[in-house]
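As structure tokens, the structure follows; a few thoughts come after it.
The values are calculated or read from the model by the stated rules, or taken from the named source; none is laboratory data. Treat the numbers as computed from the prediction; the structure is a model and nothing was measured. Glycine also receives a Cβ, built like all others from the backbone with ideal geometry; neighbour counts cover every protein chain displayed.
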Amino acid sequence: MNTTNRDLRVTNLEKSFGDFRAINRISLTIRAGEFLTILGPSGSGKTTFLNMVAGFLDTDGGTMTLGDRDITHLPPETRDFGMVFQGYALFPHLSVFDNVAFPLKVRKWSSDKIARHVEEALDLVQLGNLRDRMPKQLSGGQQQRVALARAMVFRPNLLLLDEPLSALDKKLRAEMQEELKRLHRKVGLTFIYITHDQDEALSMSDRVVVMRNGVIVQQGRPDELYKTPRTSFVAGFLGRSNFLRGDVVSLDGEKLTIRNGDLTLRQHAGTATLQPGDTALIALRPEAVSLIEGDAQADNVIEATVSDSNYFGSNFSITAETDHFGTFELTMPAAQLSHDLAVGSRIRLGWSASAGVIVEDDE
Amino acid sequence: MDGFSSQPISPATRTTAWAIIAFLVLPITIVFAVAVTDRDYLAMPVDEISFQHYANLFTSPEWLHSIWQSFVIAFVSTAIAGLLGTLCAIGCWRISNRLSELVRVFMLLPVMVPTIVYALGIYQFFAELRLLDTYLGLIIAHAVTGLPYVVITVSTSLAGFDGKLERAALGLGASMGQTLRLVILPNIMPGVVSGLIFAFIHSWDELVITLFIAGRAVFTLPRRMWDGINEALDPTMAAVAAVLVVITVALLTLELLLRGRAKK
């Protein structure tokens, strides 16, 4: 089997519920072996999309192919996709062993082959010693591992994960993120991971697809999305951003000059195509802003009043009111801040022309 | 539960509760006393306690035949009602739209329509079909009137069943049949068993429909008791009644135990 032959290709997928367009002509290729995260707020259509890929929902239009095979209208049980549900969906009347054995039993494997593969799968998720327990005797994290073992034991074509970590507490979630990454590296299976948690998306995925209102807003490597969000929605949803609005006054090659009232900003155009007279929206990460002290210089400098300051050990998070852009957030390593910033004190904020990103306004 | 039991109960509440229990239970206990009478008519024991009527019940070919007939009819009609009722409840649960709600309400008709109205209808209908006074006729009638019990109990079980489990099974490669057998049924089994028990009890002591559509060939236990009261006042009936009560109580206890275990 060659690799490209196991790619999942989704073309112009559509789904409506009454007048509501849940999925609006989505096209996406998921490469074999990839860890792909679909990130979106609730109501973005990400779960609908997953259910269509799994075969639980009919499509209103478009096609899905796995390699050369058209799977658009295949029933879920013949797709050979593993699925991990939100809340795990373990069978409460079956033991850990029988839960994991379920996909093999329905495929009518011989019992010694089943036993061998189930043991292997349970070892993979480090649960070999709990095989005879019932699901309700397990902790959330253990149930999660059983669900993973069950979804992978039959060597599925790909693994669909629907917000699998949402029920776990923060510490366990971090552990399971590591575990998922390890499993993904080890078994080399394609993972399609659905979440509304941007940290999960950024830390685990090879590629992130951001969805909103039934369409893909942007996709790319986590660092690409973080550094160069295409729209204000992506800039605000993946990490935090300050938004600066102004009118383009001139364009000199790569360099834009943007005016807001009496303030002039210098900003790199990036991939944006703006003309003088257009309104520009700049997304600026809190960590890209620095404190300007003494006679230090920066491409852009504005004045602000500190309204809140929080210490997080390794860094400070500061909220300040600016004259031109309302509330501004900035974070900086604690080591860089020599003195305490009292609430109400005046500060100067600065950033370089390449620190911000011109984004499309879609909020 | 502790919070409830520590509440003081007013004497009025206590008295009413005991009165209701007495009215519910005492008439049933009468039959146990009458069943051991030494007279040959329906009366309380006078001089001594006698088991002759129990002996008569278990040696009389007529009574034994009626018990056997009732059992066969109850068994087969319960099986039919159980199968169809369970499938109907699962179907309605899976489709779960306005039409399926309507179907579910429709299924409850046999318990909502007065039995005598139903019996009259069945009588007219079965006369045409030549099903009067046949096993098949009574089995069909009892299966239909037993259906609501199964539909109600299975639907209740399904209401507590996580629909995600069905999708999980399908997603893991199980066919619809395998999902039904390996996942849905084991999880709603307490509801199915309760339904079966209620349907069985229903058929086992059903009289009105039987009076209408059975004559000489099919002579169920309740029918023979009815005739016994009308004609002979034979105390054997009290013995039969006592046995019926014991069987019913045993079945209901079984149902309670199963439900308790399922909850745990």
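Assorted remarks:
- Considered as a group, the residues in region B:197-217 that are in contact (Cβ under 8 Å) with a residue 60 or more places away in the chain and part of a loop (DSSP other than H, G, I, E, B) include one that is surrounded by the most Cβ atoms within 10 Å (Cβ to Cβ), and that residue is B:E206.
- Tally of residues being more than 7 Å from every other protein chain (Cβ to nearest Cβ) and within 14 Å of A:L148 (Cα to Cα) across region A:85-97: 5
Listed here are the residues, each with its yes/no results for (1) within 29 Å of the chain's Cα centre (by Cα); (2) in a loop (DSSP other than H, G, I, E, B); (3) not basic (K, R).
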{"site": "B:T13", "(1), (2), (3)": "no, no, yes"}
{"site": "B:L24", "(1), (2), (3)": "yes, no, yes"}
{"site": "B:I30", "(1), (2), (3)": "yes, no, yes"}
{"site": "B:D47", "(1), (2), (3)": "no, yes, yes"}
{"site": "B:W63", "(1), (2), (3)": "yes, no, yes"}
{"site": "B:F75", "(1), (2), (3)": "yes, no, yes"}
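- Flag: B:V46 matches the condition of being out of contact with any Cys (no Cβ under 6 Å at 6 or more places or on another chain), farther than 30 Å from B:F219 by Cα and among the β-branched types (V, I, T).
- Listed conditions (1) in a strand (DSSP E or B); (2) over 30 Å from A:L251 (Cβ atoms) are all met by A:A280, apart from (2).
- Exactly one residue out of B:A143, B:A169 is more than 14 Å from every other protein chain (Cβ to nearest Cβ), crowded, with 20+ Cβ neighbours inside 10 Å and assigned to a helix (DSSP H, G or I): that is B:A143.
- Residue check, B:I67 in contact (Cβ under 8 Å) with a residue 40 or more places away in the chain, of a type in the set (A, V, I, L, M, F, W, C), more than 16 Å from B:P148 (Cβ to Cβ) and surrounded by fewer than 16 Cβ atoms within 10 Å (Cβ to Cβ): no
- Options B:T220, B:T248; residue that is touching a residue at least 60 places away in the same chain (Cβ under 8 Å), among the polar types (S, T, N, Q) and under 25 Å from B:I122 (Cβ atoms): B:T220
Quick grid of which residues meet (1) in contact with a Lys or Arg (Cβ under 9 Å, 6 or more places away or on another chain); (2) under 25 Å from A:E363 (Cβ atoms); (3) free of Cβ contacts under 8 Å to residues at least 12 places away in the same chain; (4) in the same structural domain as A:T228 (by TED's automatic domain parsing):
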residue: A:D247; (1), (2), (3), (4): yes, yes, no, no
residue: A:K255; (1), (2), (3), (4): yes, no, no, no
residue: A:L263; (1), (2), (3), (4): no, yes, no, no
residue: A:A269; (1), (2), (3), (4): yes, yes, no, no
residue: A:E303; (1), (2), (3), (4): yes, no, no, no
residue: A:F316; (1), (2), (3), (4): no, no, no, no
residue: A:F325; (1), (2), (3), (4): yes, yes, no, no
residue: A:L337; (1), (2), (3), (4): no, no, no, no
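- Within region A:48-84, the set of residues being within 14 Å of another protein chain (Cβ to nearest Cβ), among the aromatic types (F, W, Y) and buried (at least 21 other Cβ atoms within 10 Å of the Cβ) comprises A:F81 only.
- Only one entry of A:E321, A:E303 meets the criterion of being among the charged types (D, E, K, R) and over 29 Å from A:G253 (Cα atoms), and that entry is A:E321.
- Only one of the numbered conditions (1) surrounded by 22 or more Cβ atoms within 10 Å (Cβ to Cβ); (2) within 28 Å of A:D80 (Cβ to Cβ); (3) among the hydroxyl-bearing types (S, T, Y) is not met by A:S166, and that is (1).
- When A:L36, A:L13 are checked against the criterion of being over 23 Å from B:E166 (Cα atoms), modelled with pLDDT of 95 or more and either within 13 Å of another protein chain (Cβ to nearest Cβ) or part of a strand (DSSP E or B) (or both), A:L36 stands alone in meeting it.
- Counted residues, region A:39-53 - those being in a helix (DSSP H, G or I) and touching a residue at least 12 places away in the same chain (Cβ under 8 Å): 7
- Whichever residue in region A:81-100 is at pLDDT below 90 and in a loop (DSSP other than H, G, I, E, B) and, among such residues, is farthest from the chain's Cα centre (by Cα): A:G87
- Remark: pairs (first residue in region B:182-196, more than 11 Å from every other protein chain (Cβ to nearest Cβ) and in contact (Cβ under 8 Å) with a residue 12 or more places away in the chain; second residue surrounded by fewer than 21 Cβ atoms within 10 Å (Cβ to Cβ) and among the β-branched types (V, I, T); Cβ separation under 8 Å; 6+ apart in sequence or on different chains) = B:G191/B:T156; B:G195/B:I152.
- Taken over region B:218-227, residues that are surrounded by 21 or more Cβ atoms within 10 Å (Cβ to Cβ) and part of a loop (DSSP other than H, G, I, E, B) amount to 2.
- Scanning region A:121-165 for residues that are in a loop (DSSP other than H, G, I, E, B), within 14 Å of chain B (Cβ to nearest Cβ) and either touching a strand residue (DSSP E or B) at 6+ places or on another chain (Cβ under 6 Å) or under 21 Å from B:G171 (Cβ atoms) (or both) gives A:V153, A:F154, A:R155, A:P156, A:N157, A:E163, A:P164.
- Here A:L28 qualifies as within 20 Å of the chain's Cα centre (by Cα) and either modelled with pLDDT of 90 or more or assigned by TED's automatic domain parsing to the domain that holds A:V153 (or both).
- In region A:101-113, residue nearest to A:F81 (Cα to Cα) [restricted to those that are more than 13 Å from chain B (Cβ to nearest Cβ) and part of a helix (DSSP H, G or I)]: A:K113
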